[in-house]
1. Can you give me the angle between helix 243-253 and the longest principal axis of the chain, using Cα atoms only, in degrees from 0 to 90, rounded to the nearest 10?
2. Counting only protein heavy atoms and a 1.4 Å probe, tell me what percentage of the chain's accessible area is made up of carbon and sulfur.
3. Does the range 16-61 come out rounded, prolate or oblate by the C-alpha gyration tensor, with a ≥ b ≥ c the root eigenvalues, rounded set by a/c under 1.5 and, if not, prolate when a/b is larger than b/c and oblate if not?
4. Output needed: percent of Cα pairs per 10 Å distance bin for the chain, bins running from 0 to the one holding the longest distance.
5. Could you do me a favour and compute the accessible area per residue for the range 149-191, 1.4 Å probe, result in Å²?
6. Testing the spin-label approximation: label points 7 Å from Cα along Cα→Cβ at Thr304 and Gln99. State their distance in nm.
7. Would you compute, for the Cα atoms of the range 1-126, the largest minus smallest coordinate along each principal axis and list the three values in descending order, in whole Å?
8. Could you work out the relative contact order of the chain? I mean the mean sequence separation of Cα pairs under 8 Å and 6+ apart, divided by the number of residues, in percent.
Amino acid sequence: MSVKPGSAERFEAAGSDVDDARELYGAAYNIGRMTVEPTADAFGYRFTSIGDDDLSLRASQVEGRITGASLTQGEYIVSWLTRGEGVSDLLGSPMTFEQGLPAMFANDRPAQFDLIDYRLNMMHFGGAYLEGIAGETEGSVGPIRFDTTFRPSGDALRRWTETVATVARVVYDEGSSAVLRAEANRAAAVTLLETFPHLALRPRSDLAVPPGRKTRAAVEFMIANAHRPLGTDEIAAAAGLSLRSLQAAFRREYDITATDYLRSIRLDRVRQELRDAEPGLATVAEVARRWGFTHLGRFAATYTGRFGEYPSVTLASSRGATHPRSRG
């Protein structure tokens, strides 16, 4: 099922029938030559998914053994084992699943795998979505080739784990706004690109920069629609630009990406809300999340760097707020 970005879709399937499991996984992962069989214990499986077309979080748990050759196309998948054992890409660069360590699936070619009594967590990124983020942040165009043998460690692994936890809290929270979910998706995509070595198969060529009039149109559109989950493709269309031209224009004229410009607009909105808030009726966390800031620690640092004071100070000095006096 196609799910619009910002609209979370949930799916869950579980059972003990080998044929049902074979049908489910075969369809979900385009698996050929698949075998599904019990091990020493009774066979059982459970598969869950939540997310949208840009990013979905999935988990697969099987008491048994599954082998086959999957073909991942139109999306990018990172996975990490939390129980059991397994190996993938037996026909390419063999990848042994290591518990707790994320690794990228092979893309656009068959990859044989073998998983036994396992639980595997996965993040699925829409192909066009991740390639768009790579184009915006790295200046690349088209498909991306990841190193499937790489395993992050140290600070890189800690940043990745922290991002996954933050994004999961947003995605699983039914109260998360569309803007917050869109920002969580982007945070996951950016961290993926920062964590895993990769190459763009088609580097971007130099682009002509459009007139400033069109970038102003893009800015005006962002100001008017900052409360919505905006993608750079929608911003570009509103300004009458191609996505590539929009990216080039903002880098040249503002020295930041269009997405960073949108985030600065939202930061201004947060400040205004904090200054206008009624005492006791708002918190910094509530306002920040409403405007799509998923990681409160990084938000506070960005806010302080921009405005020269902590967001809690802005809220404390909001209209009508009272401040405790020191007592002698």
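The values are calculated or read from the model by the stated rules, or taken from the named source; none is laboratory data. No experiment lies behind these values; they were computed from the predicted model shown. Cβ placement follows ideal geometry from the backbone for every residue including glycine, while neighbour counts extend to all protein chains displayed. When the accessible area is computed, the model is the full protein with side chains, heavy atoms only, and any ligands, DNA or RNA have been set aside. Shrake-Rupley method; radii C 1.70, N 1.55, O 1.52, S 1.80 Å.
1. 40 degrees
2. Values: 8060 of 16190 Å².
Summing carbon and sulfur atoms, their accessible area is 50 percent of the total for the chain.
3. Verdict is oblate for the range 16-61.
4. 5, 22, 29, 22, 13, 6, 1, 0, 0
5. Per-residue accessible area for the range 149-191 comes out at 44 Å².
6. My value for the distance between the label points is 3.8 nm.
7. 42, 33, 27
8. 13 percent
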